[in-house]
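The values are calculated or read from the model by the stated rules, or taken from the named source; none is laboratory data. Computed from a prediction, not measured in an experiment: that's the story for all the values here. Methodologically, a virtual Cβ is constructed for each residue, glycine included, from the backbone with ideal geometry; neighbour enumeration extends over all protein chains shown. What goes into the accessible areas is simple: the full protein's heavy atoms, side chains included, and nothing from ligands, DNA or RNA. Shrake-Rupley method; radii C 1.70, N 1.55, O 1.52, S 1.80 Å.
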Amino acid sequence: MVVFVAELGDKTQLVALGFGARYRLSWVLTGIGLAYLATNLLSVSIGALLGAVVPDEVVRLVGGVLFIGFAVWTLRDTGEEEGDLQEPTDATPGGQSPARVVGGVAVAMFIAELGDKTMLATATLASTQNPALVWVGATAGIFLAGALGAIVGRAIGDRIAQRWVRIGSAVLFAVFGVALIASAVG
């Protein structure tokens, strides 16, 4: 429950919203689930060690650069028609395969979560509680928050032209990237 509440309104939930608006919900949820399983396993098993070895500023700086890269990747031409409104199908914008979408979502969500407050909270909880139970509970909580974001994105994505969803997603990635870099530098 702690992780679910901590994740509400967090950048990764907003990123999930952007993906949910753009891609088939089952693919987004699969990518989110994979990312959260991995990030929570990382935070439970080596989170405290990672925090001691790699300065938080470095993690934020690298994450910020990667987020700006995701913004550029999102904006690239996908061959969509201007004003295209359609229900997602097995053919995604630009003809991306389900595996590519799931992988892209998983990588973006994994990077977004690195060094995040929920990752740090999970590492802290695991230092005093049963790590396996912390991993299961934290993963369930963060997945539910991410799924909520993706579902909201899906609901609004059906009503908005894909071009605008793509631009909105790119802006979110860029804003989070700049914010991460600024927090690392300042």
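Some observations on this one:
- Residue within the range 160-168 that is surrounded by fewer than 18 Cβ atoms within 10 Å (Cβ to Cβ) and under 22 Å from THR39 (Cα atoms) present: no
- Sole exception among (1) farther than 16 Å from ALA150 by Cβ; (2) modelled with pLDDT under 80; (3) not β-branched (Val, Ile, Thr) for ASP10, by number: (1)
- Unique residue being open to solvent by 20 Å² or more (accessible area, probe 1.4 Å), within 18 Å of VAL59 (Cβ to Cβ) and modelled with pLDDT of 75 or more when the list is VAL107, VAL102, VAL136: VAL107
- Candidate set: the range 67-99, residues that are β-branched (Val, Ile, Thr) and closer than 23 Å to THR39 by Cβ; chosen: the one modelled with the lowest pLDDT: THR74
- Under the condition of being modelled with pLDDT of 85 or more and not in a helix (DSSP H, G or I), the residues counted in the range 143-186 number 0.
- Restricting PHE143, PHE176 to residues that are farther than 16 Å from SER43 by Cβ and open to solvent by 30 Å² or more (accessible area, probe 1.4 Å) narrows the list to PHE176.
- Considering the range 45-65, the residues that are open to solvent by 70 Å² or more (accessible area, probe 1.4 Å) and in contact with a helix residue (DSSP H, G or I) (Cβ under 6 Å, 6 or more places away or on another chain) include one that is modelled with the lowest pLDDT, namely ALA48.
- Among residues of the range 17-44 that are closer than 27 Å to ILE167 by Cβ and open to solvent by 40 Å² or more (accessible area, probe 1.4 Å), those with a beta-carbon under 9 Å from a residue that is outside any helix (DSSP H, G or I) and of a type in the set (Val, Ile, Thr) at least six positions away or on a different chain give the pairs ARG24/THR89; ARG24/THR92.
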